[in-house]
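Since every read-out is calculated from the coordinates, none of them should be taken as a lab result. A quick note: this is a predicted structure, and the numbers were derived from the prediction, not measured. Note that each Cβ is placed from the backbone with ideal geometry, even for glycine, and that neighbours are counted across all protein chains shown.
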Amino acid sequence: MSATSDESARMRSDSALHRSEVDWDRREPVSHTVQAALSDVEDCSATELDPLAEYVDPDALEAFFAGTPAERANRSLTFEYDDHTVHVDGTGRVIVD
């Protein structure tokens, strides 16, 4: 797991990536959005995926993006999930390649 801006810039430039958004207004857990994005990419149910906890601590993921929009605005996190790179940023973007 790493918090980088270079990775974010590289990933945003590729139009073949899968993008999702965290619904901060509904207090949607970041981990749920990540799982939904991964299940879309893999074309399967989220229950068919390897547990997210095998790749990143879901509680740590939630804690990292906790706070007000201003507090999380400049945060970003990138981690590997199976054959995919997952990038989440403080604006709520979830990008899977």
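Before moving on, here are some points about what is shown:
- Under-5 Å amide H pairs with Val22, H placed in peptide plane, nonlocal only: Arg93, Val94
- Efficiency of FRET between Thr91 and Asp43 - r from beta-carbon atoms, R0 30 angstrom, step 0.05: 0.70
- Within-12-Å neighbourhood charge of Phe64 [Cβ basis; K, R +1; D, E -1]: -3
- Entry note: the range 6-96 has Rg to Rh equal to 0.93, where both radii use alpha-carbon atoms and Rh is the Kirkwood radius.
- Residues whose placed amide H lies under 5 Å from that of Tyr81, excluding near-sequence neighbours: Val86
- Simple spin-label estimate for Glu54 and His32 gives 2.3 nm between the two label positions (7 Å along the Cα-to-Cβ direction from each Cα).
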